[in-house]
Amino acid sequence: MVTEKVDIQEKVNSYELTVILRPDLGEEKLTATVENVKKFITGKGGVISESKSWGKRRLAYPIKHAIEGNYILLKFTMKPDQNREMETNLRISEDVLRHLLVKLD
């Protein structure tokens, strides 16, 4: 019987996360919310390569009665099995209007 060696090391993917936060958040609350997302990523073994704040921008259509939102962009690498938990946390957060997680090539 021939057995093959399988590489047990898990695959790590590159991702881009865009988050739109409520426009009425104060500077402290905005910073704390972004830091919580960053802590989740790094706490699960991810590595953040880029973090940008695009500031407050007008939305194309109202979301939860808001016509503006604070845009945040994060680029990071993380194991694919952690995505579901992160998206669930973003979905239930009252400070997050929308988020979009995209896998990069």
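For helix 83-92, report the angle its Cα long axis makes with the longest principal axis of the Cα atoms of the chain; keep it between 0 and 90° and round to the nearest 10°. It is inclined by approximately 20 degrees.
Mind running the shape call on the chain? Use the C-alpha gyration tensor, a ≥ b ≥ c as the square roots of the eigenvalues: rounded below 1.5 for a/c, prolate if a/b tops b/c, oblate otherwise. Cα axes put the chain in the prolate bin. Straight-line reach from residue 29: which lysines have a Cα under 19 Å away, not including same-chain ones fewer than 8 places off? Cα-Cα hits under 19 Å: 38, 39, 52, 56, 64. Projecting label points 7 angstrom from Cα along Cα→Cβ for residue 52 and residue 88 puts them 3.2 nm apart.
Helix 27-43 and the long axis of the chain differ in direction by around 10°, with both axes built from C-alpha atoms.
The trypsin sites (Lys or Arg not before Pro) of the range 3-105 that meet both conditions, a loop assignment by DSSP and at most 16 other Cβ atoms within 10 Å of the site Cβ, are 5, 11, 44, 64.
Read the figures in this text as sums done on the coordinates, not as results from a lab. The structure displayed is predicted, hence computed values, not measured ones. When we count neighbours, we look across all protein chains shown, and the Cβ atoms used for this are built from the backbone with ideal geometry, even at glycine.
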